[in-house]
Amino acid sequence: MSFARITEKTYCPFAKRSQMGPGITLRTADVEQELFRHREVVADFFRTAAETSRDGMVVTFEHPSLGATLDALVDLTRRFYTTLAGMFPSVYIPDDPRPDERWYAMIEGELFFVVSFAPCYPETSPRYTHGDDRTYFLLQPASTFERNAEAIDRQREGIHRAFAAVGKPYDARLANTENDMFKAVMPIDPIDRHIPWWDAEAGPAGA
C-alpha cells in the first residue's frame, strides 16, 4: 500500500485527480530532527504551489509507532506543528484556539492545512490506510481550494453522502469549522468530537 493507492480508494473525486508536489519521507521516530532536514523542500513546495497548480504534498512517517493509536497520532500532530513553528516564523499555534476563529498555518505566503491518514483508523474511517502501518500527512495549500471553490461547493453534500453510504461517515459540521486546528485530527468515536491535539495536558484522545 502507498498513499497513491489510498487516494485511489477514496470516495472523494477531488482527491482522485489531485496533482501532488514532491513528497518527503521521515524514516525514524525522531520527527523533529528529520523534518528539519527537509526544510527547503517544504518551503519550495509552498513557494511554488499556486503557480504550478499543485494540490498537496505528502509527508510519510515510516515508523509504525507514530500512528499506531489515536493518542500516538495526536502526539505526532502536536510535534509536527511545533517543529514547523520552529522552522517557519509564519507557523504558530494559538494558546486558546476557538472553533469559530479562522486559523491556518502559513509557509512562504501560502495558507495550508493538514489531513492525516494513520493505521489507528478503522475500516469505517475515511482516514483508513488499508493495512499500511505508515502514517501520512497530506499538506494542502489553500490555493487548491480557491481554484476549485465552485466545484467543491456543488459536490460537498454528495461527497459526504458517498462516504456515509459505504459506512465511512464523518461529521460535516466539524469538517467545515473555521479553525483548522479543530479538524487536523479526525476523531473515531464519536465522530463529532474535536480532538485538542495542541494541548499536551488534555489526556487520552478518546477520553
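The values are calculated or read from the model by the stated rules, or taken from the named source; none is laboratory data. Quick caveat: nothing in here was measured; it's all calculated off a predicted structure. A quick note on method: Cβ atoms are made from the backbone with ideal geometry, for glycine too, and the neighbour counts reach across all protein chains shown. Please note that ligands, DNA and RNA were not included when accessible areas were found on the heavy atoms of the full protein model with its side chains. Shrake-Rupley method; radii C 1.70, N 1.55, O 1.52, S 1.80 Å.
Just a few scattered comments:
- Surface composition of segment 41-152: carbon and sulfur make up 48 percent of the accessible area, probe 1.4 Å.
- Theoretical FRET efficiency, 1/(1+(r/R0)^6), r = Cβ-Cβ of E101 and D71, R0 30 Å, to 0.05: 0.70
- Candidate residues F88, F113: accessible-area rank, largest first, probe 1.4 Å: F113, F88
- Accessible-area rank, largest first, for E51, E40, E108: E51, E40, E108, with all protein chains present and a 1.4 angstrom probe.
- Virtual spin-label span in nm between R79 and T60, 7 Å along Cα→Cβ: 1.9 nm
- Taking every alpha-carbon pair under 8 Å whose residues sit at least 6 apart, segment 49-124 reaches a relative contact order of 27 percent.
- Computed FRET value (nearest 0.05) for E201 with E108, which takes r as the C-beta separation and R₀ as 30 Å: 0.40
- Column: log10 I(q)/I(0), Debye, Cα scatterers of segment 45-156, q = 0.15, 0.18 Å⁻¹: -0.78, -1.08
- D192 versus F145: modelled label distance in nm, points set 7 Å from Cα along the beta carbon direction: 2.2 nm
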